[in-house]
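A short reminder: the numbers here are calculations on the coordinates, not readings from a lab. If you're wondering where the values come from, they're calculated on a predicted model, not measured in any experiment. All Cβ positions, glycine included, derive from the backbone under ideal geometry; neighbour counts span all protein chains shown.
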Amino acid sequence: MAIVKPFRAFRPKRNLAEKVASRPYDVMNTREAREEAKGNPHSFLHITRAEIDFPEGIDEHDAVVYQKGKENMLSFIKEGILFQDKAACYYVYAQTMWGKTQYGIVGCASYEDYLNNIIKKHELTRPDKEDDRMVHIRVTNFNAEPVFFAFPDHERLNTIIKDTIQSAPEYDFTLSDDVGHHLWVINNPALVSEIEGIFKNEIPYTYVADGHHRTAAAARIALERKAKNPSHTGNEEYNFFMAVHFPASQLRIIDYNRVCKDLNGLSKDAFLSALEKGFGIVKKGKEIYKPAQLHNFSMYLEGEWYSLTPKEGNYNDNDPIGCLDVTILSELVLTPVLNITDLRKSTRIDFVGGIRGLGELQKRVDSGEMKVAFALFPVSMKQLIDIADTNNIMPPKTTWFEPKLRSGLFIHDLE
C-alpha cells in the first residue's frame, strides 16, 4: 500500500502566489525562462533555473548555478516571500484548463515505495536530466518542484476533496496561459490522519504520470543520505519527496511528438522509399495534418505534410508495448531507417510536447534546426496503467500531461 505523508510546506504569501508560481523547469529552455521571469524578482524560476541570474552563455549545469538556486531559495525565505506551515498538512491543488478542473492531493511519497514498485513507472529516464535534478536537490536541500502522480479513484478521498473545496481557496488565480490554479490547506488533525490511513491501507499503488526524472533523482538522494547517516531510521524527511496525487479518471494526456536532425545520410526520395516498406503514405500538402486516430502518424518533411499508416502485420495490438504508436515509430522508422537506437541518449532526436502545437514541429524543420518531424496520436490513461501494472516500460517521452503543475506553490524541506 502507498505511503503519502503530510508535510510542513514552504509556500508563498497569498498576495505573492501568482508572482512566485512558474512553469516547471523542464518545459522551457534558458531563453524562454529568462523571458518568463523578466521583471519578476519573485518568479520561482530564480530557484529552478538560476542560470537566468547570470549573463547569457553560462552553462546551466555549472556548479555556481545550482549554488545560486540555493541562495535564492534561502533569500525567498529570509525575505518572507515564502513561509512554512506550522503543522504537517495535506493540500488540495486544483487546475482549470479548457473548461475542466482536476483536483489533486499534495503529500510526500516514499522513496522506498519507488524502489519497491508501489509507485509504478511507465518510462525510463534520461541520465543527464536525472543527474541534473539530483544535483539541484542535493545543493538546495529542497524538493523544489512536485512530481505528478495518479492513483485509482477512491470514493472517500473524492468526498474529502469535494468537502474541502467548499471553502474559499488559499490561492486562486489564472495566469496568462488561461490556466487557473487553486489551493486549499487541509490541517484538521483528524482529517490529516484519515487521509494518511486511506493511502496506507486502501490505495495499493500510485502511478508516475509526469516527473520520472524528479522522482528518480529524489530516490537517489534518499539513498545517498541514508548511506551517510549511521543513525538512519527511515523517518527522516529526505526519505520522502513531494507529489500531487490525482484521481486517474481526471487526467488528460496529449500528444508527445518527435523531431530528428537528419535523415541518416538518405536523400528525401530514398527516405520516403524506405518508409514505404512499412507504411501507406499519403501526401497532404502544406497544410498542417494532425493524426486522425491511433496508428496514424503525420510527418513533416521539406515543406510538406504526410499521413503515415502502418501496414497490417507491422504491429501487435495484443502487446501492451507493441501496440503503442511510439513503439511502431521506433521499430519502423527511428531504428531501421534513421539509426536512432537509444532515445534516452541520442542527440539526433528531440521531443516536443503537444501543447506547443504541430506548428512548432513545422517551425523547427523550416528553420533548418531539424530535418523531419513526426506527430503521434496520444496514448490513453488506460494504456499507461496497463503498461505500469504489467511492469512494462514505455519508450521515453511518450506521454505529455496538461495542465502542468506550477512550481513554487509548495516546497518540501529535506531537513
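General observations
- Divided by 2.2 N^0.38 Å, where N counts the residues, the Cα radius of gyration of the chain comes to 1.02.
- Listed residues His245, His61, His181, most fluctuating in the chain (Gaussian network, C-alpha, under 10 Å): His61
- Panel note: the C-alpha atoms of region 256-377, placed on their principal axes, show extents of 40, 30, 29 Å (largest first).
- Each of Ala216, Asn201, Ala227 was placed along the dipole of region 159-229 (beta-carbon charges, centred on the mean Cα), and the one lying farthest toward the positive end is Ala227.
- At R0 = 30 Å, FRET efficiency that the Cβ-Cβ distance of Phe351 and Ala190 yields, to 0.05: 0.10
- The GNM of the chain, with springs linking C-alpha atoms under 10 angstrom apart, assigns the highest mean-square fluctuation among Gly99, Gly368, Gly359 to Gly99.
- Paramagnetic label zone (point 7 Å from Cα along Cα-to-C-beta, Met97; backbone N under 17 Å) in region 153-194: 173-183
- Region 256-377: relative contact order as a whole-number percent, Cα under 8 Å and 6+ apart: 44
- Residue of Ile119, Ile328, Ile105 that the Gaussian network model of the chain assigns the largest fluctuation, springs spanning Cα pairs under 10 Å: Ile328
- FRET efficiency, 1/(1 + (r/R0)^6) with R0 60 Å, evaluated for Arg156 and Ile281 via beta carbons: 0.70
- Stretched out straight at 0.36 nm per residue, the stretch from Asn235 to Glu369 would grow longer than its current Cα-Cα span by 43.4 nm.
- Calculated mean residue ellipticity at 222 nm for the chain: -8500 deg cm²/dmol, from DSSP H runs with n ≥ 4 weighted as -39500 (n - 2.57), summed, divided by the residue count and rounded to 500.
- GluC sites (Glu not before Pro) lying in DSSP loop within region 15-61, provided at most 10 other Cβ fall within 10 Å: Glu56
- Sparsely packed loop sites in region 186-277 (the GluC sites (Glu not before Pro) outside DSSP H, G, I, E and B with at most 14 other Cβ atoms within 10 Å) comprise Glu276.
- Nearest-0.05 FRET efficiency for Leu115 and Ile77, computed from C-beta distance (R0 30 Å): 0.45
- Theoretical gain in end-to-end length, Asp131 to Glu32 [0.36 nm per residue, Cα-Cα removed]: 33.5 nm
- Too-long pairs where the Cα-Cα distance tops 19 Å, listed order kept, from Lys100/Lys397; Lys290/Lys404; Lys120/Lys397; Lys121/Lys226: Lys100/Lys397; Lys290/Lys404; Lys121/Lys226
- Cα-centre dipole for region 118-177 with unit charges at Cβ (Lys and Arg positive, Asp and Glu negative), debye to 20: 280
- Theoretical gain in end-to-end length, Glu402 to Asp389 [0.36 nm per residue, Cα-Cα removed]: 2.4 nm
- For the chain, hydrophobic long helices are taken as DSSP H runs at least 18 Å long by C-alpha position along their axis with mean Kyte-Doolittle hydropathy of -1.0 or more; these are 63-78, 189-202, 212-228.
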